[in-house]
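What follows is a set of notes on a single structure, which appears directly below.
The values are calculated or read from the model by the stated rules, or taken from the named source; none is laboratory data. Model, not experiment: these values are computed from the prediction. Using ideal geometry, Cβ is built from the backbone for each residue, glycine included, and neighbour counts are taken over all protein chains shown. Remember, those area values only see protein heavy atoms, side chains included, never the ligands or the DNA or RNA. Shrake-Rupley method; radii C 1.70, N 1.55, O 1.52, S 1.80 Å.
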Amino acid sequence: MNLQGELSKVDVPSIVELARQMPGVVRIALHSGDEAACIVVEEGQVIHAEYGELKGERAFYAILPLGEGSFDLTSIDTLPRRTITKPWNTLLLEALQYLDEHGLTIGANGTGPLDTDETPTKPAAVEAPPDAEPLALQLATLLETSTTFTGASVVNTEGLVLAAVFPNQEADEELTAAATAALYVLGTRSVSQLKRGHLTRMLIQGREGNIIIMMINQRTIFVGLTPPAISLGMVFAEARTIVQQLNRFLNE
């Protein structure tokens, strides 16, 4: 199987997601100007990246800003030496945070490897607060009286789960936290670039339901899941009430 396209039309994470859906080992070759790069995906996981003299995570970080050039996906039989061991969600989250620290964005028309020798900064390890269990009970109590949310979690901006209540197991706690943290990075940067102040909430609508993300405080986020056919006015009103109560609880 071989797929080709232009980086001006599809960003690198979307290309990787496409490769992750393909069976076996897939090599993503990227060409931007005189530079060549590659990402190798095995059974849904990124296992190798190379760009110029960079290999592994730093190469992946340098590839993400590329917004000009071409790419092609090819199934291969020979595995390269593994240079990346992190799960895809963790790798992408750390890459987004790294780009944000360096004032870069995905598809920002980068033309070469990052001109820095510093080691990529990892998200600071944040311990769960001592009252993590009471927080989960508080969240469960709030959801019991909810008429809009079928599940919810409280996560911090680094992607750590502080509390989660998904009665029907409709979402994975860790994946929800990682995705929320990644969206937080993108949302924060977007509102800053467009001079819209500080990020307060985000709404994602899908065919099977909605996801609302609302800031509890500067480092803590509420994530709620709703059914598809529901009044968004009710969703936002109830989310505000829940967030206010969670904020009071965290400040006690």
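Measuring between their Cα centroids, the stretch 1-52 and the stretch 55-111 lie 9 Å from each other. Gain on full extension, evaluated as 0.36 nm per residue between R207 and R248 minus their Cα-Cα distance, stands at 11.4 nm. What does the extension gain come out to for R82 and S192, with contour length at 0.36 nm per residue minus their alpha carbon separation? Length gained, R82 through S192: 35.9 nm.
For the chain, the solvent-accessible area works out to 53 Å² per residue, with a probe of 1.4 Å and every protein chain left in place. Across the alpha-carbon set of the chain, the Rg to Rh ratio works out to 1.01, Rh being the Kirkwood radius.
Accessible surface for E6 stands near 90 Å², nearest 10, in the context of the full protein assembly shown (1.4 Å probe). For K195, the aspartates and glutamates whose Cα falls under 20 Å of its own Cα, not counting residues fewer than eight places away in the same chain, are D100, E101.
If you plug the beta carbon distance of S75 and Q169 into 1/(1 + (r/R0)^6) with R0 = 30 Å, you get a FRET efficiency near 0.35. Only Cα pairs under 8 Å and at least 6 apart count here; give the relative contact order of the chain as a rounded whole percent. The value is 14 percent. A full extension of the chain between E133 and S231 corresponds to an added length of 32.2 nm, given 0.36 nm per residue minus the alpha carbon distance. Split the accessible area of the chain by element, probe 1.4 Å, and carbon with sulfur accounts for 49%.
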